[in-house]
Amino acid sequence: MDPLLKDAAERASRYLEGLPTRSVAPSREGLQGLDRLDTPLPEAGEDPGAVLSLLDEYGSPGTVATAGGRYFGFVIGSALPAALAANWLAGAWNQNVALEVMSPAAARLERVALRWMRDLLGLPPTAEGAFVTGDTMANFAGLAAARHALLKARGWDVATKGLFGAPPFPVVVSEEVHVSVLKALSMVGLGRERVLRVPVDDQGRMRPEELPRLDGPALVCVQAGNVNTGAVDPVGEICEKVRPTGSWVHVDGAFGLWAGACPSRAHLTEGVSSADSWAVDGHKWLNVPYDSGTVFVRDGGHLRSAMTGGSVAYLPTDAKPEGMEYAPEMSRRARGVDAWAALRSLGRAGVADLVDRSCRHARRLADRMREGGHRILNDVVLNQVLVDFGSAERTRRVIDAVQQDGTCWCGGTEWRGVHAMRISVSSWATRAEDVERCADAILRVASD
Ligand SMILES: *Cc1c(COP(=O)(O)O)cnc(C)c1O
């Protein structure tokens, strides 16, 4: 294996070293090369070195340079050096974190990483959690725990009896709910259309005074980090309002929850610790490799009850909590290893700096756009910037031209009826020079 793994490491290094000088979007030739990988399944196997070489030669040029510092589309992180290297080592380990007996190292690292994250994000010290594939699955797991708890309080064991015949409860979301929460609601059988939608303010924050009157326990889904504006719902106030009803508050905090790990931004997420469950991404702002998200639940017993499948002869029967009892999956890769390495390499100060730096870059980009005569549609409180180039048509043309230009990559969105360019700064690799170079490119393209 030795020459093969060294070849892989060299190719990966070359790829990363090429990012500063390549177009962020793949070139036309780069895309055409993908046809070379799209062949009928060969009858005879091929040499692993030749397989790797094909991947690099025709796969690498067809990628988008999201691992570099000039990608501002969606909310996409890069991979920190320590996290990427740990991910490779963990790949070689190939451990399964379903059961501790399968991998004491992976189980321990996952527990430590969860503890560090819980602490950094300011969540209750009793909260328990699990690593899942991303924020959508973290929402799914959090909502499943909520469903379990709310129905258990009504004397209904949903894990064994299912939802048929269960007493209904209201589900409250905001008008700005992320589609992944709606997807998770549909997957846990709560329905994405029977929700009550609460109006929002001009930054997309749920307005607590507009919450519906609740006569009993409800599931209330709030958001930390609006994908357009970066704004955070007033979670503490909402929790206080609904607490007397016995409701469960779930926070979709894919990237915004990380504000809590940064002293200069922690005021934004004040009060989130009053909620009952939280979903957060690792592959966005923590900059660990895909796919990595985390669910936390204040009373971990509800998560465990919701994620347990029952007893099987060959599985351990002792009371010790096992990884697979807290996650939707049984077998899972050891995502905690990447997160552990990222957090250990950054430390508390490094995480705070990563968040703070991204926010400062976002603000600088907003200032540059404003100085160029373009309108910024949001209060730039976090890492998200919305730019209006004058009309929907013009903004669309600027976004297309920016993507073609290749200096950076930004996508489009609709904000309160205005078509906007969305800039999200989420990568550890973005440097001040990148910000200036990208701002120059956007302004040049816009003035053309
Ligand atoms: C990205 C995001 C999601 C979905 O997360 P995945 O990791 O893609 O599953 C959900 N909610 C918010 C607010 C997000 O930003």
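Here are a few things to note about the model shown:
- Solvent exposure ordering (accessible area, 1.4 Å, most first) of ASP400, ASP276, ASP215: ASP215, ASP400, ASP276
- Residues whose placed amide H lies under 5 Å from that of TRP415, excluding near-sequence neighbours: ALA420
- Ranking by accessible area, most exposed first, for ASP367, ASP202 with a 1.4 Å probe: ASP202, ASP367
- Over 32 Å (Cα to Cα) - which of LYS6/LYS183; LYS161/LYS320; LYS6/LYS320 fall in this group: LYS6/LYS183; LYS6/LYS320
- Surface per residue (accessible, 1.4 Å probe) for the chain, Å²: 45 Å²
- Value of [θ]222 nm, deg cm²/dmol, for the chain, DSSP H segments ≥ 4, -39500 (n - 2.57) each, nearest 500: -12500 deg cm²/dmol
- Surface calculation, 1.4 Å probe, protein heavy atoms: LYS161 sits at approximately 110 Å² accessible.
- For the chain, the longest piece that avoids every one of the chymotrypsin sites (Phe, Trp or Tyr not before Pro) found in DSSP loops with at most 10 other C-beta atoms within 10 Å covers 1-163.
- Residues GLU29, GLU436, sorted by accessible area with the largest first, give GLU29, GLU436 [1.4 Å probe; ligands and nucleic acids excluded].
- Couplings for segment 84-93, taken from phi via the Karplus curve 6.51 cos²θ - 1.76 cosθ + 1.60 with θ = phi - 60°, read 5, 5, 5, 4, 5, 5, 5, x, 5, 4 Hz in order; Gly and Pro are left as x.
- Each label was represented as a point 7 Å from its Cα along the Cα-to-Cβ direction; for VAL112 and ALA12 these points are 2.0 nm apart.
- Under a 5 Å amide H cut-off, with hydrogens placed 1.01 Å from N, GLY293 pairs with VAL132, THR133, GLY134, GLY282 among residues at least 5 apart or on other chains.
- In loop segments of segment 184-275 as defined by DSSP, the trypsin sites (Lys or Arg not before Pro) with at most 14 further C-beta atoms inside 10 Å of their C-beta are ARG194, ARG213.
- Compared with the alpha-carbon gap, the fully stretched path from GLU393 to SER311 is longer by 23.6 nm at 0.36 nm per residue.
- Cysteines having no other Cys beta carbon under 4.7 Å from their own, within the chain: CYS221, CYS239, CYS262, CYS359, CYS410
- Surface accessible to a 1.4 Å probe, LEU16 within the full protein complex, Å²: 70 Å²
- For the pair THR21 and SER345, a Förster radius of 41 Å applied to the C-beta separation gives a FRET efficiency near 0.95, rounded to the nearest 0.05.
- Farthest toward positive dipole pole in the chain [+1 Lys/Arg, -1 Asp/Glu at C-beta], among SER53, GLY412, ALA366: ALA366
- Cα-based equivalent ellipsoid, the chain: semi-axes from gyration tensor eigenvalues, Å: 36, 31, 19
The values are calculated or read from the model by the stated rules, or taken from the named source; none is laboratory data. Remember, it's a predicted structure, so these values are computed and weren't measured experimentally. Every residue, glycine as well, gets a Cβ built from its backbone with ideal geometry; the counts of neighbours run over all protein chains shown. The accessibility values were calculated without ligands, DNA or RNA, using every heavy atom of the protein model including side chains. Shrake-Rupley method; radii C 1.70, N 1.55, O 1.52, S 1.80 Å.
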